[in-house]
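Single-structure report; data block below.
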Amino acid sequence: MKSGGSTKVVVDRIEGDLAVLVLYEDDHVKFNLPLHYLPEGVREGDHLQVSFAEDESSRQSEKNRIDDLLKELKRT
């Protein structure tokens with residue numbers, strides 16, 4: 001998957017309030033995700049599209065926050 005793209009995952013199983021998701025293209029890649037992040041009514045065996053997008057604005061805000069904290073630490 002390229003940056004900013006999407007990929008398919010399969011709901012392997014549900015364990016309590018966690019879904020175990022498997023990457024469709026590589027079933028060796030598994031991860032847990034709380035059910036509240038998934039569509040309501042999701043079930044084992046469902047296929048889902050997952051999208052990732054870079055958030056430059058958030059990254060820059062966090063960098064600025066860290067820079068400010070470092071400046072504050074150096075003053076004390």
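Taken together, the values in this text are just the output of simple stated rules run on the coordinates, not laboratory data. This one's a predicted model, so the numbers in the text were calculated from it and none came from an experiment. Methodologically, a virtual Cβ is constructed for each residue, glycine included, from the backbone with ideal geometry; neighbour enumeration extends over all protein chains shown.
Listed values, structure above:
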item: Cα long-axis angle, helix 56-75 against the chain (0 to 90 degrees, to the nearest 10); result: 40 degrees
item: Lysine pair count for the chain [Cα-Cα under 23 Å; pairs on different chains or 8 or more apart]; result: 4
item: Net +/- balance of residues flanking Ala19 in space, Cβ distance below 15 Å, scoring K and R +1, D and E -1; result: -2
item: Ser61/Phe31 FRET efficiency (R0 25 Å; Cβ-Cβ; nearest 0.05); result: 0.45
item: Total formal charge among the other residues, if their Cβ is under 10 angstrom from that of Gly45, Lys/Arg +1 and Asp/Glu -1; result: -1
item: Net charge contributed by nearby residues that have their C-beta within less than 14 Å of Gln60 (K/R +1, D/E -1); result: -3
item: Cα-based equivalent ellipsoid of the chain: semi-axis lengths in Å, sorted from largest, via gyration tensor; result: 36, 16, 11
